[in-house]
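Visitor: Let me begin by handing over the structure; questions about it come next.
The values are calculated or read from the model by the stated rules, or taken from the named source; none is laboratory data. Since the model is a prediction, treat every value here as computed from it, not as a measurement. Here the Cβ positions follow ideal geometry from the backbone for every residue, glycine too, while neighbour counts run over all protein chains shown.
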Amino acid sequence: MKKSYCFLFLTTAVIFTTQPVLGSEVFVLKSSEPHYLTTAVVPSCVTEARAISANGKFVVGSSDVKSDGNCNPHAFVWSEKTGMIDINKDAAPWSWATAVNMDGTVIAGMLQRPGREDPRPFKWTAETGIVDLTQINAQLETFCPAVLSADGATMGGRILNPKNSAETRAVLVSNDVITFLGSKQKNEASRVKAMTPNGEVVVGEINNHVFRWKKGDGLKDISIVKGRRLSSYANGVSDDGSVVVGSVFIDGAERAYRWTEKEGIKNLGTLIKTKGTYDVYSKAFAVSGDGKIVYGISSANSEEENHLFRWTADTGMVDLGKTTGNISERNIAGVSSDGSILAGSAPHGGWEKTAFIQKLN
């Protein structure tokens, strides 16, 4: 199986009756224990969750399906009603779903065909199946979709320089028209990480500094802390675009932050209160739609344990317990907009990665 260079790091069940089924589980998520999205019908190897819809009802990613003795990743979508559905069909030997809109009717990702070194972006709907976006606009050949607006009409991500994969440009794609958000600097490495449901506010990074882009206002570097421009990363944005969360390096230590126009970047601290150690860290990976609740991962109890946390202005950082499989934030696909459901991938059943969902409240 070839590795994608983009991963260096459904309206109703009736629609899916014509899609091949990977698994047919139907359940109700009742407890805070992780529920693994296993594939009961088609033999599978690794499953990886890559995104969760804002309403928490749909998870997308890839499932390595066994065929002719090999494990090839197929893009999937999962819901409680349908279980795991293979949306790859015969589109390509390898595919990964990386983004899903609010109601699961639009999915974006990457596909790869034999004889090609580089993967191509795709968009999926139940009516069209997987569509190779380069067939619509050749400029999208190296586009890597990361997020979708609520209606699925706008995609955010990055376009790679085919001559230098270290150079990337943050972009929005709407109606197959590309809007570049970066500064066109040589050796620029920029990407979109999150956007508001209407697609009018976008957050991401340029050369390890957080930016916030707003339609009509353009791009603004928000990585300033007490007059210093610090290395920082964006992972989430509130529905109205007024709150941004992620992590920032302050004096060599990585800390979760919450940004607002009024307060700038606010250090949220860590679960461990010990001072003076760089091994203690925290990272915010999601914010609720109203911007009041921040979710993330922090060192806790020892340097070897990762714990989930929930932060509010009233409670501060609250320990939600050890992460499933002691995973890091790289294995967290996201959180629903109300903060109730988390999706990710953790070791399970002998496999390095198995997709799961988990209640947080």
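Visitor: Restricting the search to the stretch 208-227, which residues are outside any loop (DSSP other than H, G, I, E, B) and over 18 Å from residue 172 (Cα atoms)?
Guide: If the condition is that a residue be outside any loop (DSSP other than H, G, I, E, B) and over 18 Å from residue 172 (Cα atoms), then 209, 224, 225 are the ones that fit.
Visitor: Also, quick follow-up: Condition (residue is small (Gly, Ala, Ser), over 21 Å from residue 348 (Cα atoms) and modelled with pLDDT under 95) applied to the stretch 44-51: is it met by at least one residue?
Guide: The answer is no; no qualifying residue exists.
Visitor: Could you please let me know if residue 292 is over 25 Å from residue 181 (Cα atoms), assigned to a loop (DSSP other than H, G, I, E, B) and not small (Gly, Ala, Ser)?
Guide: Spelling it out, residue 292 is indeed over 25 Å from residue 181 (Cα atoms), assigned to a loop (DSSP other than H, G, I, E, B) and not small (Gly, Ala, Ser).
Visitor: Shifting gears a bit: Looking only at strands (runs of 3 or more DSSP E) that lie completely in the stretch 73-162, which have at least 2 residues being buried (at least 17 other Cβ atoms within 10 Å of the Cβ) and modelled with pLDDT of 95 or more?
Guide: So the answer is 94-100, 107-112, 120-125, 143-148, 154-161.
Visitor: Just name the residue that is farthest from residue 73 (Cα to Cα) out of those in the stretch 314-336 that are over 13 Å from the mean Cα position of the chain (by Cα), of a type outside the set (A, V, I, L, M, F, W, C) and not in a strand (DSSP E or B).
Guide: 314
Visitor: Name the residues in the stretch 160-192 that are within 15 Å of residue 219 (Cα to Cα) and of a type in the set (Asp, Glu), would you?
Guide: 188
Visitor: Would you confirm whether any residue within the stretch 307-317 is modelled with pLDDT under 95 and either out of contact with any Leu (no Cβ under 9 Å at 6 or more places or on another chain) or small (Gly, Ala, Ser) (or both)?
Guide: Scanning the stretch 307-317 turns up no residue that is modelled with pLDDT under 95 and either out of contact with any Leu (no Cβ under 9 Å at 6 or more places or on another chain) or small (Gly, Ala, Ser) (or both).
Visitor: Anything in the stretch 349-361 that is farther than 17 Å from residue 100 by Cα and either modelled with pLDDT of 90 or more or crowded, with 22+ Cβ neighbours inside 10 Å (or both)? List them, or say none.
Guide: Matches in the stretch 349-361: 353, 354, 358, 359.
Visitor: Ok, one more. What is the number of the single condition among (1) in contact with a Ser or Thr (Cβ under 9 Å, 6 or more places away or on another chain); (2) modelled with pLDDT under 90; (3) closer than 26 Å to residue 285 by Cβ that residue 29 does not meet?
Guide: (1)
Visitor: Do you know which of the residues in the stretch 164-207 that are within 14 Å of residue 143 (Cα to Cα) and assigned to a loop (DSSP other than H, G, I, E, B) is modelled with the highest pLDDT?
Guide: 181
Visitor: In the stretch 183-200, which residues are basic (Lys, Arg) and closer than 19 Å to residue 291 by Cβ? I'd like the intermediate steps shown before the answer.
Guide: Just the residues of the stretch 183-200 that are basic (Lys, Arg), to begin with: 184, 186, 191, 193.
Within the stretch 183-200, 193 is the sole residue that qualifies.
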